[in-house]
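One structure below.
Just so you know, all these numbers are worked out from the coordinates, no wet-lab data involved. As the structure is a computational prediction, the values presented were derived from the model and not from experiment. Quick reminder, even Gly has a Cβ in these numbers, built from the backbone with ideal geometry, and neighbours come from all protein chains shown.
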Amino acid sequence: VAGFDDVEYANMLPVPLTTVRQPCAELGAPAVRVMAERLKNPLMPARDVLPNFSLIVRESTSGARTPAAQA
């Protein structure tokens, strides 16, 4: 089981939750900047803006018990 957003209580649960942390505070500024650029130049090609996500591995996930070829 895994979660998203690395909520405060994720590591306080009986089984600490593996989660994906996203930089919420850093997502807004690039989005506004790209939107403003597109408004000024509607023919500008689309581009990807990828934030720095982190996987926080805790006890709610583990590796496979047997190799996939044997399952």
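Before moving on, here are some points about what is shown:
- Sites residue 35 and residue 60 - FRET efficiency at Förster radius 25 Å, r taken between beta-carbons, to 0.05: 0.10
- Based on DSSP H segments of at least four residues, each scored -39500 (n - 2.57), the chain has a per-residue ellipticity at 222 nm of -8000 deg cm²/dmol.
- Of the labelled figures [x] 18, 16, 10; [y] 37, 19, 6; [z] 20, 13, 11, only one reflects semi-axes √(5λ) of the Cα gyration tensor in Å as derived from the coordinates, namely [y].
- Cα-centred dipole magnitude for the chain, charges only on beta-carbon of K, R (+1) and D, E (-1), debye, nearest 20: 260 debye
- In a DSSP loop and with at most 10 other Cβ atoms within 10 Å, the trypsin sites (Lys or Arg not before Pro) in the range 1-50 are 47.
- The GluC sites (Glu not before Pro) found in the range 1-53 include none that occupy coil by DSSP while having at most 13 further C-beta atoms within 10 Å.
- Helix 24-40 and the longest principal axis of the C-alpha atoms of the chain enclose an angle of approximately 30°.
- Derived scalar couplings ³J(HN,Hα) [the range 55-61; Karplus, 6.51 cos²θ - 1.76 cosθ + 1.60; whole Hz; x for Gly, Pro]: 8, 9, 7, 10, 7, 7, 10
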